[in-house]
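Here's the structure, in structure tokens; my notes come after.
The values are calculated or read from the model by the stated rules, or taken from the named source; none is laboratory data. Here the structure is a predicted model, which is why all the values come from computation and not from measurement. Note that we place each Cβ from the backbone using ideal geometry, even for glycine, and neighbour counts take in every protein chain shown.
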Amino acid sequence: MEKFEFIIVGKKYDINLAKNIALLHYNNIKYSFMSSLGLNFLKVFYKFILSDPFSITIIVKVNEDFGGYVVFNKNVSTINKRFLFYLIRKEFLSFPQLLIPLLRNIMESLNSFFYPKKLKINVECELISIALVNKYRNMGVGKKLVEVGENILKELGVKKYKVLVYGDEELYKFYRKIGMQKMGTIELHKGKISTIYIKEIK
Ligand SMILES: CC(C)(COP(=O)(O)OP(=O)(O)OC[C@H]1O[C@@H](n2cnc3c(N)ncnc32)[C@H](O)[C@@H]1OP(=O)(O)O)[C@@H](O)C(=O)NCCC(=O)NCCS
């Protein structure tokens, strides 16, 4: 019998957590720009996320194994700036190496860096990413992860949040099922239209 445990990640977390999250993202959200920057980049990004005071991360453990995660961030308009400072302060030695994939995709990187301004939707909180290990999907676990996250956001006074979805028609159904409403689309990267969903937290 599988035992699902939903855990809100606090300041003290397992050192391997960022790696587990990065790996799950890399293997399952392949069409995302972040994945195209490589696994090492994602590992550093999630290390930053876990240390960022504006991030809310919930993981699901299944019989002690890592089963999946959701990450929200309640201050996205400056997240890229904070990430850049984090890279300079904490990843000083690997910074030049991390810059390589960014420079290789310079236009997309710049678009990603400035997208919160381009979006023109005044919703500061965003569901950054969510993924589950394949065998735990379609059992209501994703929905539950989001629910746990929403309860925390509510306690923090957050009234609504958004998500940007790109590349997978099927995925739209999940976001609609969890009560999100389509607000429009944005061409974040040339030729790649993302759909913006918003949900009011009740
Ligand atoms: C997206 C994801 C987290 C959904 O989690 P999940 O646990 O499988 O979803 P749930 O079982 O909680 O589904 C909730 C509802 O959405 C529907 N749904 C979920 N995934 C769906 C899909 N791919 N297509 C159609 N409907 C879907 C379910 O049928 C369910 O409907 P119901 O409430 O009427 O029963 C999971 O499929 C996943 O990890 N995907 C790969 C990573 C990814 O693409 N992440 C999103 C990008 S940020």
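Points worth noting:
- A single member of 175, 115 is of a type in the set (Phe, Trp, Tyr) and under 26 Å from residue 8 (Cβ atoms), and it is 175.
- Close Cβ contacts (under 6 Å, 6 or more residues apart or on different chains) running from residues in the stretch 182-202 that are on the phi > 0 side of the Ramachandran plot to residues that are at pLDDT 95 or above are absent.
- Top-ranked residue in the stretch 140-160 [being surrounded by 14 or more Cβ atoms within 10 Å (Cβ to Cβ) and among the aliphatic types (A, V, I, L, M); ranked as nearest to the ligand (Cβ to nearest atom)]: 141
- Residues being over 24 Å from residue 95 (Cβ atoms) and either touching a Cys at 6+ places or on another chain (Cβ under 9 Å) or surrounded by fewer than 20 Cβ atoms within 10 Å (Cβ to Cβ) (or both) - total across the stretch 14-52: 6
- Test: residue in the stretch 123-137 that is more than 17 Å from the chain's Cα centre (by Cα) and surrounded by fewer than 13 Cβ atoms within 10 Å (Cβ to Cβ): yes
- The stretch 161-182: number of residues that are more than 15 Å from residue 25 (Cβ to Cβ) and either surrounded by fewer than 16 Cβ atoms within 10 Å (Cβ to Cβ) or within 10 Å of the ligand (Cβ to nearest atom) (or both): 12
- Answer from 129, 77 - the residue that is among the hydroxyl-bearing types (Ser, Thr, Tyr) and over 20 Å from residue 42 (Cβ atoms): 77
- Taken over the stretch 119-139, the criterion of being more than 6 Å from the ligand (Cβ to nearest atom) and not in a helix (DSSP H, G or I) is satisfied by 120, 121, 122, 123, 124, 125, 126, 127, 128, 133.
- For the stretch 53-64, the set of residues classified as surrounded by fewer than 15 Cβ atoms within 10 Å (Cβ to Cβ), touching a residue at least 24 places away in the same chain (Cβ under 8 Å) and of a type outside the set (Lys, Arg) consists of 63 only.
- Residue pairs whose Cβ atoms lie under 6 Å apart, separated by 6 or more positions or on different chains, with the first residue in the stretch 3-20 and of a type outside the set (Gly, Ala, Ser) and the second in a loop (DSSP other than H, G, I, E, B), are 3/63.
- Screening the candidates 113, 92 for the property of being farther than 21 Å from residue 183 by Cβ, surrounded by fewer than 16 Cβ atoms within 10 Å (Cβ to Cβ) and free of Cβ contacts under 8 Å to residues at least 24 places away in the same chain yields one hit, 92.
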